[in-house]
Amino acid sequence: MPTSFVFDPNRCTGCGACRLACSIENGLGPEASWRKIETFNPRRHPGAPVFHLSLACNHCTEPVCMHACPALAYSRDLATGAVILDESKCIGCKYCSWACPYDAPVYDDTRGVMSKCTFCNHRLADGLKPACASLCPTGALDAADLPAESLTSELEGFTATDIQPRIEIAPLKKTRSLPVMTAPQVQEPVAPPGAASASDITLKAEWSLAAFTLSAASLVALFAGHVIASIAFDPVAYVAGAGLTMGLATLHLGRKTRAYRAILNLRRSWLSREVVSLSTFFALAVGYLWMAPGDVWLGRVTALVGFFALLCADYVYSVLRTGHPLGNSASVLLTGLLLTGVSSGVVWLAAIAGFAKLSFYVVRKIDFMGRRPVRPVVSAARAGLGLVLPPILWLVDFEQFHVIIIASVIAGELVDRCEFYADLERSSPRRQMETDLTKRLAEPVPQAAI
């Protein structure tokens, strides 16, 4: 029977002994640890419980990190159930950290690879408990062999998922809640005892991915426009653009020399599917341009493969659980379709894709109001350049303003793509705690007993 963590939030004092034990056992250094401690309600809001949550990798029954990893760097020890990361196979793409809702995989800047809790698998093999469980002074953290069907983890701040995390969390006792007060008496902020990493998905960190996806959509659209309307372009420049695009895709990797491993997990990883399908598209496009120009069927098949690659690029972000991958104005597939319609002069295609993008953009901004930056100036630039000016110029004189229309659309798409990366968030325990606490504090407060 696989081992599971057992945690009792009623006993945890947030002392950090588990973090220190993890650091020492795995030689991570005094400031590094695979275990984090988060505090629910750190500001001590009246009427909301205050407790600590100690988390590392939960070695889930359905580990999304393993499924998402394009390099097949993850495996499971069938004897102990531990999910193990082989750092010698890791390409440092960080995709596993996007997928994990528990913030378990951690990027190591110095080595360019991910690292994570091993469940102290070497200790489990010797019949010992993980170091963090062994050194917990209050007995809040433990490990035991428990059947998966008996595990429960219903606790505010702990993300509920269908990936079956192997952790048993005891119910929080009512005595952990502070007494209700007639007037709020909030103390100064209390820092959580463990450092929790913020989302590493930022425009600054992932600018190369923003450039890569927009470039890929543009090249697919250019080729499709060539097939539909015989748009002329320099084959040499196109091949150079394809090489540059694939090069952009590797810039965010921690281990670029292992980039070839990104194609190994076609069965489960959308990232592998994106890399393989886009590489196939460029190979077919080069073959079409240099060996079979004018071959209608080869051209159509190549264009379809290109659009499938853009679809895969959208689904790469499905692991973030932020809505349907195609229901976003920054959708790479919609960008490709819009640019195809604009470049080839297909009015209905440009109109449908443009209307869909405008609708999704407005919905996103409305959803952001009150909780996320709306950026009115940036929004006006995105909508004006990419979705309002082009149809106006099209109606005035499509032939005369064709190049300006295409440039305007690309500029708008660039703004939208940058906003997309600036707004991306991955699930994490701290973010879940903030969300649950906000919901708790929004509930009506009962009158204090006299």
| message | Take the residues in the stretch 141-161 that are aliphatic (A, V, I, L, M) and under 24 Å from Ser427 (Cα atoms); name whichever of them is most open to solvent (accessible area, probe 1.4 Å). | response | Ala160
| task | Identify the single condition in (1) in contact with a helix residue (DSSP H, G or I) (Cβ under 6 Å, 6 or more places away or on another chain); (2) farther than 22 Å from Ala216 by Cβ that Gln432 does not satisfy, given that it satisfies every other one. | result | (1)
| request: Taking only the stretch 4-27 into account, find how many residues are in contact (Cβ under 8 Å) with a residue 40 or more places away in the chain, in a loop (DSSP other than H, G, I, E, B) and either crowded, with 18+ Cβ neighbours inside 10 Å or not basic (Lys, Arg) (or both). | output: 8
| request: Among the numbered conditions (1) at pLDDT below 95; (2) in a loop (DSSP other than H, G, I, E, B); (3) out of contact with any helix residue (DSSP H, G or I) (no Cβ under 7 Å at 6 or more places or on another chain); (4) open to solvent by 10 Å² or more (accessible area, probe 1.4 Å), tell me where Ser33 comes up short. | output: (3)
| task | Could you list all residues from the stretch 60-72 that are open to solvent by 20 Å² or more (accessible area, probe 1.4 Å) and assigned to a loop (DSSP other than H, G, I, E, B)? | result | Thr61, Glu62, Leu72
| said: Could you check the stretch 79-93 and list, in sequence order, the residues that are under 22 Å from the mean Cα position of the chain (by Cα) and either crowded, with 22+ Cβ neighbours inside 10 Å or of a type in the set (Phe, Trp, Tyr) (or both)? | reply: Val83, Leu85, Cys90, Ile91, Gly92, Cys93
| Looking at this structure, is Ala133 open to solvent by 30 Å² or more (accessible area, probe 1.4 Å), closer than 23 Å to Leu28 by Cα and in contact (Cβ under 8 Å) with a residue 24 or more places away in the chain? | no
| remark: Gly327 passes all but one of the listed conditions (1) in contact (Cβ under 8 Å) with a residue 24 or more places away in the chain; (2) touching an Asp or Glu at 6+ places or on another chain (Cβ under 7 Å); the exception is number (2)
| Can Pro105 be described as touching a strand residue (DSSP E or B) at 6+ places or on another chain (Cβ under 7 Å) and not small (Gly, Ala, Ser)? | yes
| Which residues, counting only those in the stretch 382-401, are part of a helix (DSSP H, G or I) and open to solvent by 40 Å² or more (accessible area, probe 1.4 Å)? | Leu385, Val388, Leu389, Pro391, Ile392, Trp394, Leu395, Val396, Asp397
| task | Only residues that are open to solvent by less than 40 Å² (accessible area, probe 1.4 Å) and either β-branched (Val, Ile, Thr) or part of a helix (DSSP H, G or I) (or both): list them for the stretch 419-432, please. | result | Glu419, Phe420, Tyr421, Asp423, Pro429
| So Glu38 fits all but one of (1) surrounded by fewer than 24 Cβ atoms within 10 Å (Cβ to Cβ); (2) part of a strand (DSSP E or B); what number is the exception? | (1)
| task | Take Ser379 and decide whether it is open to solvent by 30 Å² or more (accessible area, probe 1.4 Å), assigned to a helix (DSSP H, G or I) and of a type in the set (S, T, N, Q). | result | no
| Only one of (1) modelled with pLDDT under 90; (2) part of a loop (DSSP other than H, G, I, E, B) is not met by Thr435, so which one is it? | (2)
| task | Among the numbered conditions (1) assigned to a helix (DSSP H, G or I); (2) at pLDDT below 90; (3) of a type in the set (A, V, I, L, M), tell me where Ala216 comes up short. | result | (2)
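The values are calculated or read from the model by the stated rules, or taken from the named source; none is laboratory data. Just so it is clear, the model here is predicted, and its values are computed rather than measured. FYI the Cβ positions are ideal-geometry reconstructions off the backbone, even for glycines, and counts take in every protein chain you see. Accessible surface areas use protein heavy atoms only, side chains included; no ligands, DNA or RNA. Shrake-Rupley method; radii C 1.70, N 1.55, O 1.52, S 1.80 Å.
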